[in-house]
Amino acid sequence: MVAKRTMTHTEKNAVAEASAQSRHPRQLWVLWRYWMAREFKTRYAGSVLGLAWAFVQPVASLAIFYVLFGKVLAVRVPGLEVDNGYLLHLLAGLAIWLPFTDAIGRGVGSLVAYEDFLRKQPMPAEILPAVSVGGSLLVMVIGYALLLVLSVAQGVGPTASWGWLPILVLGQVALTYGLTLFLSMAHFLWRDVGSAVTFGLQLWFYLTPIVYPLSQVPERFHAWFLFNPLAALVLTVQGCVLNMPVPAGAPWAFALWVLLLGGGGWWFFRSMKPALGEAL
Amino acid sequence: MSIRFEGIEKTYMVYNRPQDRLWEWMTQRQHHRVHVALADIGFEVQSGETFGLIGENGAGKSTLLKIAAGTIRPTRGQVVRQGRVAALLELGAGFHPEESGYDNIRFMAALHGLEGEGMQDFMVRATAFSELSVETLERPVKTYSSGMFMRLAFAAATAIDPEVLIVDEALSVGDLHFQKKSLNRILELRERGATVLFCSHNLYQVRSLCQRAAWIQDGRIASIGKTEDVVTAYESYERRRYVHLRAESADSASPDPARSTSAATSATALVKIMKLTVETADGINPAQIDSFQDMAVDIEVESYADAPFHVLFAIVRPDKDNVFGTSTQFRPEGQPLQGIGSHRVRMRFPRLSLLSGEYLWSVYVLDDTGIQVLDMAELIQPFTVLNQRHREFGVTWLEHDWVTVE
């Protein structure tokens with residue numbers, strides 16, 4: 001009798017804790033999906049082109065850089081001996097850069113934008129940066145699809161090394177999510193972060209071999225590029241898809257960055273999370 | 001189906017400057033002040049109980065509700081919740097203006113982690129309760145009137161069929177019909193055994209809804225127990241505080257005539273409506289009144305200051321249309337009431353010429369100019385009038401003669 005009573009008591013406690021503490025992963029998945037649906041439905045609400053903007057924007061940036069650097073400045077890519085080598089090089093860079101900057105740009109302000117909501121509705125805050133990253137996946141898919149289709153059209157690949165792509169993409173998502181977690185929380189605590197990020201992203205773009213090939217940079221600086229997580233990724237993808245020569249250690253540097261930024265961002269977010277609901 | 005607070009304490013770290021948090025994080029040395037919002041809170045809202053939280057602004061009621069809902073975590077202690085919880089902390093938080101009503105309901109369902117059949121049920125309940133047409137629900141929420149928005153928000157907030165309901169003064173929104181409907185929804189959930197934790201400044205509402213209550217004062221429980229005891233204790237505290245304030249202002253004002261007037265205006269806010277009773281030959285507060293019966297209304301107010309005031313009251317219909325209203329100011333001389341203590345206003349309607357229908361009272365206490373409202377009790381004491389002897393219809397009987405019928 002006594003034993004039975006204590007058992008039901010602990011059972012009840014377990015139920016209560018489950019509902020109060022972390023939610024079921026399935027529930028998070030449902031919420032994330034609906035939030036993504038809302039994100040895509042409302043992002044282009046009231047515009048004529050609607051979802052077509054998701055195609056227009058990356059293609060327009062591609063066209064601008066191609067005309068400016070590929071035609072006017074006539075940048076050539078040594079080691080990529082096809083007609084439109086520069087276009088492929090640029091595309092490989094933008095397929096990575098555009099979703100990255102899109103996720104960061106939207107994600108930085110995500111916690112601040114929903115500050116009031118977080119205070120009024122119990123829900124996991126991690127979902128907000130996750131939605132920003134999810135929103136960038138469309139651009140990513142478009143970018144990679146263009147890259148692969150054009151590569152085949154130009155006679156580069158498909159090769160066996162393309163098999164690494166899914167892992168690289170997963171790594172990019174993890175890295176982006178970690179950095180978005182970090183920056184959104186940091187921006188929530190210190191609003192300077194938002195302004196710094198806008199400027200920082202511009203600088204970062206030119207520090208990454210996207211519009212210029214690495215071979216245009218003096219050899220002695222090459223190792224420094226591995227300290228740039230995105231450069232490590234871009235170089236790895238260029239090697240993997242376009243068979244361009246890759247500085248030794250780029251894949252390893254990228255793997256390290258994924259662990260560092262993904263894990264670090266998560267850790268920082270969790271340790272600062274109690275500050276979220278609190279504003280006096 | 002219950003909420004149990006176990007030794008809840010909530011402290012906030014207050015940083016004077018944003019960079020202080022940065023220094024603290026980097027140097028691991030304390031750069032903040034500690035503000036204690038709640039301390040030593042421990043009680044249980046039992047299954048099926050309606051529990052009220054009262055207290056002054058900033059006493060910690062809302063913080064406690066947020067902890068109960070789970071939007072913030074207590075610094076110490078824990079909350080044990082059992083059952084499906086719905087929190088009505090602010091209606092419509094999380095609604096997207098560009099999305100349709102349907103999509104917003106779906107989103108709220110997803111917030112609860114519902115999908116498939118569970119989401120379908122949620123949609124059905126929410127749309128039925130909102131009373132909005134299909135055409136409306138397909139429009140973006142930004143095109144809604146505020147009343148429609150509130151209806152949808154309340155419907156979506158309570159559609160999970162909650163077993164535990166946490167309500168933060170969300171009742172006083174929307175039009176009267178909807179207020180009544182949302183209150184009925186809460187009562188209906190309560191009938192079915194839902195537990196309700198509820199915070200309000202409206203002591204009348206707390207008295208009529210809650211079985212037990214807690215008075216939170218400076219982040220601690222000042223009193224907890226039967227609603228009547230707790231509310232009475234709180235009221236007498238408020239009264240003492242007003243008297244204290246008045247004494248203080250009178251003392252400081254006496255040498256300075258300019259300041260004594262300002263003391264008088266601050267002292268004007270000290271009248272309270274205590275009671276309204278209706279009497280007929282059938283007794284006090286009868287369930288129904290016949291047209292043309294002799295009726296008297298008795299209003300009791302208590303003044304804690306020596307400032308003059310007027311009492312205005314009206315018979316109103318449920319849709320807030322005034323049927324008849326009058327004020328002590330409208331009397332032939334129109335002298336205001338004055339003096340510390342109880343005041344009574346009694347009016348007799350020798351032939352109450354209301355016809356069949358539902359009616360309510362609204363009472364206001366106004367300052368001597370008749371403009372500033374000192375206290376009010378709107379739409380209280382509903383009563384039913386039955387017109388059994390005549391076939392005429394409408395709101396009221398008008399004197400009339402049949403001059404010609406050819």
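Results, tabulated for the structure shown:
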read-out	value
Neighbours by Cβ (under 7 Å, 6+ apart or cross-chain): first from region B:203-221, touching a residue at least 60 places away in the same chain (Cβ under 8 Å) and more than 24 Å from B:Glu378 (Cα to Cα); second assigned to a loop (DSSP other than H, G, I, E, B) and aromatic (Phe, Trp, Tyr)	none
Qualifying residue in region B:59-70 (condition: more than 9 Å from chain A (Cβ to nearest Cβ), of a type in the set (A, V, I, L, M, F, W, C) and in contact with a helix residue (DSSP H, G or I) (Cβ under 9 Å, 6 or more places away or on another chain))	no
Residues that are touching a Gly at 6+ places or on another chain (Cβ under 8 Å), within 14 Å of chain A (Cβ to nearest Cβ) and crowded, with 21+ Cβ neighbours inside 10 Å, drawn from region B:34-58	B:Ala37, B:Leu38
Region B:114-141 - residue that is among the charged types (D, E, K, R) and more than 10 Å from chain A (Cβ to nearest Cβ) and, of those, nearest to B:Thr158 (Cα to Cα)	B:Arg125
Hey, A:Val77 within 25 Å of A:Gln172 (Cα to Cα) and not in a helix (DSSP H, G or I) or not	yes
Helices (runs of 4 or more DSSP H) completely within region B:21-136 that count 3 or more residues being closer than 24 Å to A:Ala125 by Cβ and over 29 Å from the mean Cα position of the chain (by Cα)	B:101-111
Subset of region A:182-241 (residues that are in contact (Cβ under 8 Å) with a residue 60 or more places away in the chain, in contact with a helix residue (DSSP H, G or I) (Cβ under 7 Å, 6 or more places away or on another chain) and closer than 18 Å to A:Val112 by Cβ)	A:Phe182, A:Leu183, A:Ser184, A:Met185, A:Ala186, A:His187, A:Phe188, A:Leu189, A:Val193, A:Gly194, A:Val197, A:Leu201
Residues being in contact (Cβ under 8 Å) with a residue 40 or more places away in the chain, surrounded by 19 or more Cβ atoms within 10 Å (Cβ to Cβ) and not small (Gly, Ala, Ser) - total across region A:100-114	5
Hits in region B:368-406 - residues which are closer than 23 Å to B:Thr280 by Cα and of a type in the set (S, T, N, Q)	B:Gln381, B:Thr384, B:Asn387, B:Gln388, B:Thr396
From B:Tyr242, B:Tyr234, B:Tyr304, residue being under 25 Å from B:Pro336 (Cβ atoms), at pLDDT 75 or above, in contact with a helix residue (DSSP H, G or I) (Cβ under 9 Å, 6 or more places away or on another chain) and aromatic (Phe, Trp, Tyr)	B:Tyr304
Region B:90-113 - residue that is within 17 Å of B:Asp161 (Cα to Cα), in contact (Cβ under 8 Å) with a residue 12 or more places away in the chain and at the interface with chain A (Cβ under 7 Å from one of its Cβ atoms) and, of those, surrounded by the most Cβ atoms within 10 Å (Cβ to Cβ)	B:Arg106
Leading residue by the ranking (modelled with the highest pLDDT) among those in region B:169-188 that are among the polar types (S, T, N, Q) and buried (at least 16 other Cβ atoms within 10 Å of the Cβ)	B:Ser182
Within region A:242-280, tally of residues that are modelled with pLDDT of 85 or more, surrounded by 19 or more Cβ atoms within 10 Å (Cβ to Cβ) and either farther than 30 Å from A:Tyr114 by Cα or within 14 Å of chain B (Cβ to nearest Cβ) (or both)	5
Number of positions in region A:81-133 that are away from every other protein chain (no Cβ under 14 Å), aromatic (Phe, Trp, Tyr) and more than 16 Å from A:Val169 (Cα to Cα)	1
Residue list for region B:9-30, filter: aliphatic (A, V, I, L, M) and either loosely packed, with under 13 Cβ neighbours inside 10 Å or under 14 Å from B:Val45 (Cα atoms) (or both)	B:Val14, B:Met26
In region A:131-155, the residues that are out of contact with any Ser or Thr (no Cβ under 8 Å at 6 or more places or on another chain) and under 30 Å from A:Leu111 (Cβ atoms)	A:Gly134, A:Gly135, A:Leu137, A:Leu138, A:Val139, A:Met140, A:Val141, A:Ile142, A:Gly143, A:Tyr144
Cross-chain or 6+ apart pairs with Cβ under 7 Å, region B:128-155 first and without any contact (Cβ under 8 Å) to a residue 40 or more places away in the chain and in the same structural domain as B:Ala87 (by TED's automatic domain parsing), then surrounded by 12 or more Cβ atoms within 10 Å (Cβ to Cβ) and assigned to a loop (DSSP other than H, G, I, E, B)	B:Gly147/B:Gly174; B:Gly147/B:Asp175; B:Met148/B:Leu132; B:Arg151/B:Glu131; B:Arg151/B:Leu132; B:Arg151/B:Gly174
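The values are calculated or read from the model by the stated rules, or taken from the named source; none is laboratory data. In this text the structure is predicted, and so the values were computed from the model without any measurement. Virtual Cβ from ideal backbone geometry, glycine too; neighbours counted across all protein chains shown.
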